[in-house]
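Peer 1: First, the structure itself, so that you have it in front of you.
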Amino acid sequence: MTERDEQQRLDSWAVLGIRTDIPHPARVYDYMLGGKDNFAADREMAEVGLRLMPEMRDSSRANRDFLVRAVRFLRDAGIRQYLDIGTGLPTSPNTHEVAQEGHPDARVVYVDNDPVVFLRAEALMAGSDKTAVVRADLRDVDEVLAEAASLLDFTKPVGLMFVAALHCVVDSDDPAGIAARYLAALAPGSYLVLSHSTDEFAPERTHAASRAAAERGAIWIPRGKDAIARMFNGRELVEPGLVLVSHWRPEGGVPDANADRAWTYGGVARA
Ligand SMILES: C[S@@+](CC[C@H](N)C(=O)[O-])C[C@H]1O[C@@H](n2cnc3c(N)ncnc32)[C@H](O)[C@@H]1O
């Protein structure tokens, strides 16, 4: 892309009131996954992060693969409604594509606070009465639940998903408490899918990357396994429990060669 093309692109987002000068987790993550929906500030943030922690790319890819395997698990367990919070930019296969394989009636509500995610996801879902996109802050629990209820029936089981989302919430906003409020709205038979970056394997480098994000106005707070486990609020984890995402029911039963470089814990619990 030429400089002029890039400027035109920035101008068109600016007209919509979208800040492209501050990195946003959705777009930094998109860059890590090789996507094109990112801006110079996102790429700079990603490159700084990758210099400090080359493992971030492994984590991003492995996390996305975990999402797909977890949704397949829920689909095969009979879940037909999903609330995917902290959706990210559309990356195939998306939650609805996996959930609707063989079950075209499965419903998915995506929630994200990034306007670019919202616009891209809305364009992708246009015309579908089985998927909806809500632009909201996940901390506004009542608002998100009210909007989601226009498509989801909360008297029936729901797959609640916080995949690589709660590490964008600071301690003072109580991520485990936020998860608890969503869990309280779910019917028996529901599931919780949750993954979260960890600082356990290289604390100094991880904290340096987290500080670099904060200096640029972005939030990324990797946590220890115990803190992440508390976000399940005591719900019963299915096998193999809370593990590094590549170790969660890998394809063919064998984690890939980079499994231990993907520093993100993930698990699925009966909600
Ligand atoms: C690292 S991405 C994960 C995307 C996707 N869940 C996945 O795992 O592939 C984190 C997502 O959470 C969203 N997010 C961060 N803070 C949020 C908030 N307070 N409310 C809603 N969404 C938020 C970001 O915009 C981003 O799309």
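The values are calculated or read from the model by the stated rules, or taken from the named source; none is laboratory data. The shown structure was predicted, so the numbers you read here are calculated from the model rather than taken from an experiment. Positions of Cβ are generated from backbone atoms using ideal geometry, with glycine treated the same way; all protein chains shown enter the neighbour counts.
Peer 1: Which of the residues belonging to the range 236-259 are over 20 Å from the mean Cα position of the chain (by Cα) and of a type outside the set (A, V, I, L, M, F, W, C)?
Peer 2: Answer for the range 236-259, where residues must be over 20 Å from the mean Cα position of the chain (by Cα) and of a type outside the set (A, V, I, L, M, F, W, C): E236, E239, P240, E251, G252, G253, P255, D256, N258.
Peer 1: Scan the range 63-74 and report the pairs whose first residue is under 17 Å from M32 (Cα atoms) and in contact (Cβ under 8 Å) with a residue 40 or more places away in the chain and whose second residue is within 10 Å of the ligand (Cβ to nearest atom) and outside any helix (DSSP H, G or I), with Cβ atoms within less than 7 Å and a gap of 6+ or a chain change.
Peer 2: N63/V163; N63/A164; N63/S195; N63/T264; F66/S195; F66/G266; L67/V163
Peer 1: When you look at A218, is it among the aliphatic types (A, V, I, L, M) and more than 20 Å from V141 (Cα to Cα), yes or no? Reasoning before the result, please.
Peer 2: On the way: among the aliphatic types (A, V, I, L, M): yes; more than 20 Å from V141 (Cα to Cα): yes.
Considered against the rule, which asks whether it is among the aliphatic types (A, V, I, L, M) and more than 20 Å from V141 (Cα to Cα), A218 comes out as yes.
Peer 1: Residues that are under 17 Å from the mean Cα position of the chain (by Cα), surrounded by 14 or more Cβ atoms within 10 Å (Cβ to Cβ) and closer than 29 Å to G49 by Cα: does the range 199-208 have at least one? Walk me through it before giving the result.
Peer 2: Here is the first cut: in the range 199-208, the ones under 17 Å from the mean Cα position of the chain (by Cα) are none.
Scanning the range 199-208 turns up no residue that is under 17 Å from the mean Cα position of the chain (by Cα), surrounded by 14 or more Cβ atoms within 10 Å (Cβ to Cβ) and closer than 29 Å to G49 by Cα.
Peer 1: Give me the residue from the range 179-197 that is exposed (fewer than 15 other Cβ atoms within 10 Å of the Cβ) and in a loop (DSSP other than H, G, I, E, B) and, out of that set, farthest from the ligand (Cβ to nearest atom). Steps first, answer last, please.
Peer 2: Of the range 179-197, the ones exposed (fewer than 15 other Cβ atoms within 10 Å of the Cβ) are 184, 187-189.
Okay, now just the ones that are also in a loop (DSSP other than H, G, I, E, B), so 187-189.
On the way: A187: 23, P188: 25, G189: 23 Å.
Only one residue fits best here, namely P188.
Peer 1: Oh, and also: Consider only pairs whose beta carbons are under 7 Å apart and that are at least six residues apart or on different chains; among these, list those whose first residue lies in the range 252-271 and is farther than 21 Å from P222 by Cα and whose second residue is among the aliphatic types (A, V, I, L, M) and outside any helix (DSSP H, G or I).
Peer 2: R270/V238; A271/L160; A271/L186; A271/L192
Peer 1: Assigned to a loop (DSSP other than H, G, I, E, B), under 17 Å from the mean Cα position of the chain (by Cα) and at pLDDT below 95, is that true of A218? First the steps, then the outcome.
Peer 2: Working: assigned to a loop (DSSP other than H, G, I, E, B): yes; under 17 Å from the mean Cα position of the chain (by Cα): yes; at pLDDT below 95: yes.
Yes: the conditions hold for A218.
Peer 1: I'd like to know if the range 99-121 contains one or more residues that are within 15 Å of the ligand (Cβ to nearest atom) and surrounded by fewer than 16 Cβ atoms within 10 Å (Cβ to Cβ).
Peer 2: Scanning the range 99-121 turns up no residue that is within 15 Å of the ligand (Cβ to nearest atom) and surrounded by fewer than 16 Cβ atoms within 10 Å (Cβ to Cβ).
Peer 1: For the range 1-81, please list each of the helices (runs of 4 or more DSSP H) lying entirely inside it that holds at least 1 residues being surrounded by fewer than 18 Cβ atoms within 10 Å (Cβ to Cβ) and modelled with pLDDT of 90 or more.
Peer 2: 40-52, 55-76
Peer 1: Scan the range 223-230 and tell me whether some residue there is closer than 16 Å to D199 by Cα and part of a loop (DSSP other than H, G, I, E, B).
Peer 2: Yes, some residue in the range 223-230 is closer than 16 Å to D199 by Cα and part of a loop (DSSP other than H, G, I, E, B).
Each row is one residue, and each column tells you yes or no for (1) in contact (Cβ under 8 Å) with a residue 24 or more places away in the chain; (2) surrounded by fewer than 23 Cβ atoms within 10 Å (Cβ to Cβ).
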site: A148; (1), (2): yes, no
site: T155; (1), (2): yes, yes
site: V163; (1), (2): yes, no
site: G177; (1), (2): no, yes
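Peer 1: Which of (1) surrounded by 22 or more Cβ atoms within 10 Å (Cβ to Cβ); (2) touching a residue at least 60 places away in the same chain (Cβ under 8 Å); (3) within 16 Å of the ligand (Cβ to nearest atom) is the odd one out, the single condition A218 does not satisfy?
Peer 2: (1) is the only condition that A218 fails.
Peer 1: Still on this model: Does the range 131-146 hold any residues that are within 13 Å of the ligand (Cβ to nearest atom), buried (at least 21 other Cβ atoms within 10 Å of the Cβ) and over 20 Å from F232 (Cα atoms), and which are they?
Peer 2: V133, V134 - these are the residues of the range 131-146 that are within 13 Å of the ligand (Cβ to nearest atom), buried (at least 21 other Cβ atoms within 10 Å of the Cβ) and over 20 Å from F232 (Cα atoms).
Peer 1: Could you please find all residues in the range 159-174 being more than 14 Å from the chain's Cα centre (by Cα) and within 12 Å of the ligand (Cβ to nearest atom)?
Peer 2: V170, D173
Peer 1: Something else: Output the qualifying pairs, or none if there are none: Cβ atoms under 6 angstrom, residues six or more apart or on different chains, first residue in the range 19-43 and closer than 16 Å to Q7 by Cβ, second residue assigned to a helix (DSSP H, G or I) and more than 12 Å from the ligand (Cβ to nearest atom).
Peer 2: Qualifying pairs under 6 Å: T20/L10; T20/W13; D21/A41.
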